[in-house]
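Trainee: Sharing a structure below in structure tokens format, with a few things to ask.
The values are calculated or read from the model by the stated rules, or taken from the named source; none is laboratory data. Bear in mind the structure is a predicted one, so any value in this text is a computation, not a measurement. So basically every Cβ, Gly included, is an ideal-geometry build from the backbone, and we count neighbours across all protein chains shown.
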Amino acid sequence: MRELSLHILDAMQNSLEAGATLIELTIEEDLKADRLTITVRDNGRGMAEEQLARIADPFFTTRSTRHVGLGIPLFKAAAEHCNGALTVTSRLGEGTTLQATFQHSHIDRAPLGDIAGTLLAVILGQKCDVHYVHRIIGRPGGKETGKHGETETGGQGEMPGTPGQRGCA
């Protein structure tokens, strides 16, 4: 995929498929450590050990509409190609956490892409709370910045990634 936002969208759609009512997306750009970390955490149904063991197998999926599951294997390959990794932890009945790390300055690291569009697609498409944090550490000049957004379908709130703009989700 050309943008990391598309991997994030796929992971968030997996969360929705698992019945999540809360998805937390955290993006942390640590410029001092040269690390980009993307975490998607949900409160969906979680996965059994057998499913978790096969999560990176492109020919394994729990969906009945297709017979391959390329989203996580492609996300994992993208992270590993940029001196990073992808880990997935899950507890049956409690939810799943997916975390991808990348070398921030790696020449082959895809750009973040349209994070606002990704969030809107999830928020407008389903009844699910989405919490979003984007933190940048080690900016030139010593400033640490962060964007925080909490959005609930049908609610009124500041749209994540668009400070100062308000709208109905």
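Trainee: Please enumerate the residues belonging to region 37-53 that are in contact with a helix residue (DSSP H, G or I) (Cβ under 8 Å, 6 or more places away or on another chain) and either over 13 Å from E94 (Cβ atoms) or free of Cβ contacts under 8 Å to residues at least 40 places away in the same chain (or both). Spell out the reasoning first.
Mentor: Going through region 37-53, the residues in contact with a helix residue (DSSP H, G or I) (Cβ under 8 Å, 6 or more places away or on another chain) turn out to be 38, 40, 42, 44.
Of everything in region 37-53, those that are in contact with a helix residue (DSSP H, G or I) (Cβ under 8 Å, 6 or more places away or on another chain) and either over 13 Å from E94 (Cβ atoms) or free of Cβ contacts under 8 Å to residues at least 40 places away in the same chain (or both) turn out to be I38, V40.
Trainee: If you don't mind, another one. Collect the residues in region 4-42 that are closer than 14 Å to H131 by Cβ, in contact with an Asp or Glu (Cβ under 7 Å, 6 or more places away or on another chain) and outside any helix (DSSP H, G or I), keeping them in residue-number order.
Mentor: A20, T21, L22, I23, R41
Trainee: A follow-up question, please. Can you tell me which residue in region 1-26 is modelled with the highest pLDDT, limited to those that are β-branched (V, I, T) and out of contact with any helix residue (DSSP H, G or I) (no Cβ under 7 Å at 6 or more places or on another chain)?
Mentor: Start the filter on region 1-26 by keeping residues that are β-branched (V, I, T), which leaves 8, 21, 23, 26.
Retained after the next criterion (residues that are out of contact with any helix residue (DSSP H, G or I) (no Cβ under 7 Å at 6 or more places or on another chain)): 21, 26.
Details: T21: 95, T26: 98.
Among them, the one singled out is T26.
Trainee: What pairs can you find where one residue is in region 104-131 and among the acidic types (D, E), the other is outside any helix (DSSP H, G or I), and their Cβ atoms are less than 6 Å apart, with a gap of 6+ or different chains?
Mentor: As it stands, the answer is D108/C82; D129/L22; D129/E152, since those pairs meet every condition given.
Trainee: How do the pairs read when you match residues in region 1-21 that are touching a residue at least 60 places away in the same chain (Cβ under 8 Å) with residues anywhere that are charged (D, E, K, R) and in a loop (DSSP other than H, G, I, E, B), using Cβ under 6 Å and keeping only pairs 6 or more apart or on different chains?
Mentor: Here the result reads S5/D114; A18/R45, each pair linking region 1-21 to a residue that is charged (D, E, K, R) and in a loop (DSSP other than H, G, I, E, B).
Trainee: Return the residues of region 89-103 that are more than 17 Å from L74 (Cβ to Cβ) and in contact (Cβ under 8 Å) with a residue 40 or more places away in the chain; say none if nothing qualifies. If you could, list the steps in order and put the result at the bottom.
Mentor: Keep residues of region 89-103 that are more than 17 Å from L74 (Cβ to Cβ), which gives 89-97, 103.
Those that are more than 17 Å from L74 (Cβ to Cβ) and in contact (Cβ under 8 Å) with a residue 40 or more places away in the chain: S90, R91, L92, G93, E94, G95, T96, T97, Q103.
Trainee: Let me ask something else about it. Report yes if E152 is within 30 Å of A48 (Cα to Cα) and either aromatic (F, W, Y) or modelled with pLDDT of 95 or more (or both), otherwise no. Full working, then the answer.
Mentor: Values: within 30 Å of A48 (Cα to Cα): yes; either aromatic (F, W, Y) or modelled with pLDDT of 95 or more (or both): no.
Judged against the criteria, E152 is not a match.
Trainee: Pick from R135, R109: which is of a type in the set (D, E, K, R), at pLDDT 95 or above and part of a strand (DSSP E or B)? Spell out the reasoning first.
Mentor: Working: R109 fails: part of a strand (DSSP E or B).
After applying the criteria, what remains is R135.
Trainee: Here's a follow-up. Pick from region 81-116 the residues that are farther than 26 Å from R54 by Cβ and loosely packed, with under 14 Cβ neighbours inside 10 Å: which of them is nearest to the chain's Cα centre (by Cα)? Quick ask: steps written out before the conclusion?
Mentor: Step one: of region 81-116, the residues farther than 26 Å from R54 by Cβ are 103-109, 111-116.
Within this subset, residues satisfying the condition of being loosely packed, with under 14 Cβ neighbours inside 10 Å are 105, 107-108, 111.
On the way: S105: 20, I107: 21, D108: 19, P111: 14 Å.
Per the criteria, the residue is P111.
Trainee: Residues that are under 28 Å from P111 (Cβ atoms), modelled with pLDDT of 95 or more, surrounded by fewer than 18 Cβ atoms within 10 Å (Cβ to Cβ) and hydrophobic (A, V, I, L, M, F, W, C): does region 34-52 have at least one?
Mentor: no
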